[in-house]
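Engineer: I'd like to ask you about the structure that follows.
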Amino acid sequence: MIGPCSAFTYRLIPFKRLFPTFPIFFACIFGGVAACSHTSARLSRKDAALLRLSKGDTASARRALQKINWKKSEDPEVILLLSRLYRAEKTIVGRLKSQQLLEEALSAFPEDLRIHLELGKTYYEQTFYPDAERCFYMALGDETTACDAHHCLAVNYFRKWKRNQQFTDELERAADHYEEATGCAPADLTWAIERAMCCYCLGDTSLSAELCKEIISQDPTVTKALFILGVIAYGQHRYEESEQAFRQALLHLPEEEMETFLDIAILLPTAERIEYEQASKADRLRMRKLFWFARDPDPTTPVNERYLEHIGRMFLADLHYSTDQPRLRGWETQRGKAIIKFGWPSRINRTLARVTTNVIDGWAEFWTYGAEVGDWQLVFVDEFLNGNSIVPREPAYEHMAQMLVNSAASSSYEPGAVDIPGAFDIVSFRNNTLSGAVYLAARVDADSLLRSLKSDALESYLIRGVFFDSSWNERMRFADTLSGPDLMPIGELDDKWLYAIKDVQLPFDQYQVSCALEDPFGETRRIFKGTVTSRRFLSDSLTLSDVLVYRDQKSHPDAPSFERNGRTFVPNPGHLIEEGERLSVYFEIYNLVQYQSSSEYEVSYTIFEHPEELEEGGWLWLARGLKWLAGIEEQQTPSIIQTATRRSFETPANELMAINIDPLEAGRYILKVSVFDKFSGEVAAVSTVFTKGIWEIEPY
């Protein structure tokens, strides 16, 4: 309107009267046009920056925003966008630029709480935590910024608690702010899982589980929610639920992080860890399976409680001990490694004091393991108060650092059932050219059952088993119930033992076997583990089955038995031979050369004293025993030798022998059976261990 009105009045006013106002007139017109042109350019740069941000081009967006004179524009949005872009650079220079810009803008827009909030975030990333906290509290005054401010305060208080994990009031404040933040932003699953983790650390597992289930219902791939549910289920002995949650969590992790959870290097002593790390990928996978099978409290169940404990420890170590300065995952810190290896200590004492002879001050933690005070300790010092506590680097504490590296891992798992004494035997025979028969026999002490059960009779008993092949793939799993005539009142059980027998047909291979006997109420349980191999039956050379040690059926008419080649055998799990009883054995001979429909061979039975554990130490006698079983003979004097020559018309031939061991004193012995084929000249041997005397509790 100004421009056209001035042109119209120019015709009515004399030029001389208009001339003094002419410069003002043109200044008004051109000034207004210039102002309009500047505003248009400024808006286009902002829109261009937003467009480039939407495409992920932060560099171009930042350059476009830098060209805008925000002081003249009086547009705080430009400041907020540019400060976030500076901070997103994740550099010291970028954070300083963001701080400088926001502090300058705060003087121009002191009432804009959005600037307070952004400045608090910049301070937080610069570790200026008190300044950041002050800005966040300022931002609570506006409902447009309060939600974000509550979340920032919650993160800050949770960080403060993690630094020393002593002052629960900080954790409670974090929980309160998380509740406010998630209340005004219920769709933000990131905030929700942070709140769930905070509640778990606070000890409110019911609320934490409720939050995690709600998160999973909206997004089943949130791994932290799955891990928390798994940890909570494990702590409540709901192991199958724990396994399911952990399995889903691991599947949704990035491959590298999943490998970190599955890797066992952190659990191994130095020598074993070096061997493991130098192995091929296939060998490492095999070693993992062997590692977890050996530590599975009950391999016959669908879950491995010790493995679940490890996965839970990995997650909790990361939850409690991950740090931002320096940026470390929990399992990379020394305290995290201690949790993963040894579990939670029985007591933690914390103090802010000097703990070494040199000038090393800091926040110190004394971790005590064991039921008694001072069983053994670990000391960690946070010298720089950044949350990363380490074992002091001094000679007096060197053994603690070495313990974290060289010691084997330990478990805190406690089975819910009473472990009752028992014995186990496993033998293999060849059925045909493709498969063999494996016989499992187990027995448990009836007196221990009587003391542990509420009833003096059993209506049923459970037997479970599992077979893993040489590649540690599960090949067979079974579960049976013993009832009716197989069970009697405990006081009438044969020799005060409860028996269980199972025979299975499997292809030739080497198997790791585990068997469990358990009452229906889960009050008592006995776990057995062993190894059986039938791979040698693939050979065309002279081969022997395992040696079956059995008992006289006439002396034990009520004991369970099984049939083999038309004969009935009562197994002797534990191979205990009582005083006055003969050592009864059975084995089969394969691939004997026949001449005129018969074979001829020489068989010898040799008994040696078993290497003494008490006199020579566990490792030495075990090494000697393994050498002997492998056929590496040492100079030992046999206690008993019996030799006989046989002619057999059966295929395969078999041997039944009852050896008089009355001359032997009570103790443990090795029986070696060898066969010489007179037609082929081949020799084959097999060994087993037995005990003579009174066996009160355990076999061997």
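Each reported figure results from applying straightforward, stated rules to the coordinates on display, with no laboratory input. This structure is a prediction, so every number in the text was calculated from the model and none was measured. Neighbour counts are summed over all protein chains in view; Cβ atoms, including those assigned to glycine, are modelled from backbone coordinates with ideal geometry.
Engineer: How many angstrom lie between the C-alpha centres of segment 213-252 and segment 538-568?
Structural biologist: 48
Engineer: Report, in whole Å, the centroid distance computed from the Cα atoms of segment 291-324 and segment 133-194.
Structural biologist: What the calculation gives is 31 Å, centre to centre.
Engineer: Kindly provide the trypsin sites (Lys or Arg not before Pro) of segment 86-173 that DSSP labels as loop, not H, G, I, E or B, and whose Cβ sees at most 14 other Cβ atoms within 10 Å. Mind dumping the intermediate values first?
Structural biologist: Working: sites: Arg87, Lys90, Arg95, Lys97, Arg114, Lys121, Arg134, Arg159, Lys160, Lys162, Arg163, Arg173; in loops: Lys90.
When the trypsin sites (Lys or Arg not before Pro) of segment 86-173 are filtered for loop state and at most 14 Cβ neighbours within 10 Å, Lys90 remain.
Engineer: Here's something else I'd like to know. One quarter of the convex hull surface, Cα atoms only: what value does that give for segment 211-335 in nm²?
Structural biologist: On the way: hull surface 35.5 nm².
Seen from a random direction, the Cα hull of segment 211-335 projects 8.9 nm² on average.
Engineer: With no solvent and one point per C-alpha, what does the Debye sum give as log10 I(q)/I(0) for segment 152-275 at q = 0.13, 0.18 Å⁻¹?
Structural biologist: These q points yield log10 I(q)/I(0) values of -0.61, -1.01.
Engineer: Can you run phi through the Karplus equation (6.51, -1.76, 1.60; θ = phi - 60°) for segment 130-143 and list ³J(HN,Hα) in whole Hz, with x for Gly and Pro?
Structural biologist: The phi angles translate into x, 5, 5, 4, 4, 5, 5, 5, 4, 6, 5, x, 10, 5 Hz.
Engineer: How many percent of all Cα-Cα pairs in segment 543-594 sit more than 18 Å apart?
Structural biologist: Value for segment 543-594 (Cα pairs over 18 Å): 37 percent.
Engineer: What is the Cα centroid distance between segment 80-125 and segment 386-445, reported in whole angstrom?
Structural biologist: Value for the Cα centre distance between the two parts: 55 Å.
Engineer: A follow-up question, please. Arranged from highest to lowest average of other beta-carbon atoms within 10 Å per residue, in what order do the peptides 643-652, 336-345 appear?
Structural biologist: 336-345, 643-652
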